Amino acid sequence: MNNKPDFDSAELAWQKGGGLLPAIVQHAASGKVLMLAYMNEDALELTLQSGLVTFYSRSRQQLWQKGESSGNHLRLIDIQVDCDRDTLLVQVLPAGPVCHLLTPTCFGDQQWPEQAFIAELEQIIQQRAGADPEYSYTAQLLAGPVRRLAQKVGEEGVETALAAVSQGPDELMSEAADLLYHLLVLLNKKDIGLSDVCRILQQRHQA
């Protein structure tokens, strides 16, 4: 979390829950709801200080940092408070499976909007940056020159346009997927996040 929270923790409605507030954990990139836990004032303070999410266990009656034994930490991106100041929305980037059952969320295999996978793909591309280019196509693209990657995006753009005018919907979708993937890799290469692009689209929409 790069900025200080826009709330005073001392002014939250701790008394409503006997010193605890429910913390809804949301994937900062995809918007998926990952889990529900609880925080007391100490857990919130440790979370803000360390940047790694800490909760309060009601069953064990002690603080616990998510991932302290598994390594599947939750890196804090932002914390927001609801209108009644008695619930926290904790936005994170997970380092691995969130649930103790080794699933991405604690809510099973529920279906999410397909668009949410774009944000996850962006994270996967980021993780591939440190992989061996010999075994990872993404790492190979990231390790190469920007000119080659830009050329690849151009090629995929042309193939997508050609598919639109001369092929069927399946071919168009396939080419569009290739284009989108290579564009995400190029943005990563230039240290630009998908959120940066979305911000420009939002600004244009509001203009």
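The values are calculated or read from the model by the stated rules, or taken from the named source; none is laboratory data. If you're wondering where the values come from, they're calculated on a predicted model, not measured in any experiment. Note that each Cβ is placed from the backbone with ideal geometry, even for glycine, and that neighbours are counted across all protein chains shown.
As for the range 17-35, it holds at least one residue that is surrounded by fewer than 18 Cβ atoms within 10 Å (Cβ to Cβ) and touching a helix residue (DSSP H, G or I) at 6+ places or on another chain (Cβ under 7 Å). Taken together, ASP178, ASP196 contain a single residue that is surrounded by fewer than 12 Cβ atoms within 10 Å (Cβ to Cβ) and either acidic (Asp, Glu) or in a loop (DSSP other than H, G, I, E, B) (or both), which is ASP196. Applying the condition of being surrounded by fewer than 17 Cβ atoms within 10 Å (Cβ to Cβ), touching a Leu at 6+ places or on another chain (Cβ under 9 Å) and not basic (Lys, Arg) to the range 81-96 and asking which residue is modelled with the lowest pLDDT yields GLY96. Residues in the range 48-80 that are under 19 Å from the mean Cα position of the chain (by Cα), closer than 21 Å to LYS16 by Cα and surrounded by 15 or more Cβ atoms within 10 Å (Cβ to Cβ): 2 in all.
Does GLU11 fit the bill of being over 20 Å from LEU101 (Cβ atoms), modelled with pLDDT of 95 or more, among the charged types (D, E, K, R) and out of contact with any helix residue (DSSP H, G or I) (no Cβ under 6 Å at 6 or more places or on another chain)? No, not satisfied. Evaluation of LYS189 against the conditions (1) farther than 17 Å from ILE124 by Cβ; (2) touching a residue at least 12 places away in the same chain (Cβ under 8 Å) shows that the sole unmet condition is (1). Given the criterion in contact with a helix residue (DSSP H, G or I) (Cβ under 9 Å, 6 or more places away or on another chain) and within 26 Å of LEU34 (Cα to Cα), identify the matching residue among LEU102, LEU89, LEU187, LEU93. Checking each option against the conditions leaves just LEU93. Restrict the check to the range 131-147 and report whether at least one residue is in contact with a His (Cβ under 8 Å, 6 or more places away or on another chain) and either over 30 Å from GLN65 (Cβ atoms) or surrounded by 10 or more Cβ atoms within 10 Å (Cβ to Cβ) (or both). Taking every residue of the range 131-147 in turn, at least one turns out to be in contact with a His (Cβ under 8 Å, 6 or more places away or on another chain) and either over 30 Å from GLN65 (Cβ atoms) or surrounded by 10 or more Cβ atoms within 10 Å (Cβ to Cβ) (or both).
Restricting the range 110-132 to residues that are closer than 16 Å to PRO94 by Cβ and small (Gly, Ala, Ser), the residue that is modelled with the lowest pLDDT is ALA116. Determine whether the range 77-87 contains at least one residue that is farther than 30 Å from LEU184 by Cα, in contact with a Pro (Cβ under 6 Å, 6 or more places away or on another chain) and touching a residue at least 24 places away in the same chain (Cβ under 8 Å). Yes, the range 77-87 contains a residue that is farther than 30 Å from LEU184 by Cα, in contact with a Pro (Cβ under 6 Å, 6 or more places away or on another chain) and touching a residue at least 24 places away in the same chain (Cβ under 8 Å).
Taking LEU101, is it over 30 Å from LEU179 (Cβ atoms), of a type in the set (A, V, I, L, M) and in contact (Cβ under 8 Å) with a residue 40 or more places away in the chain?
Criteria not met by LEU101.
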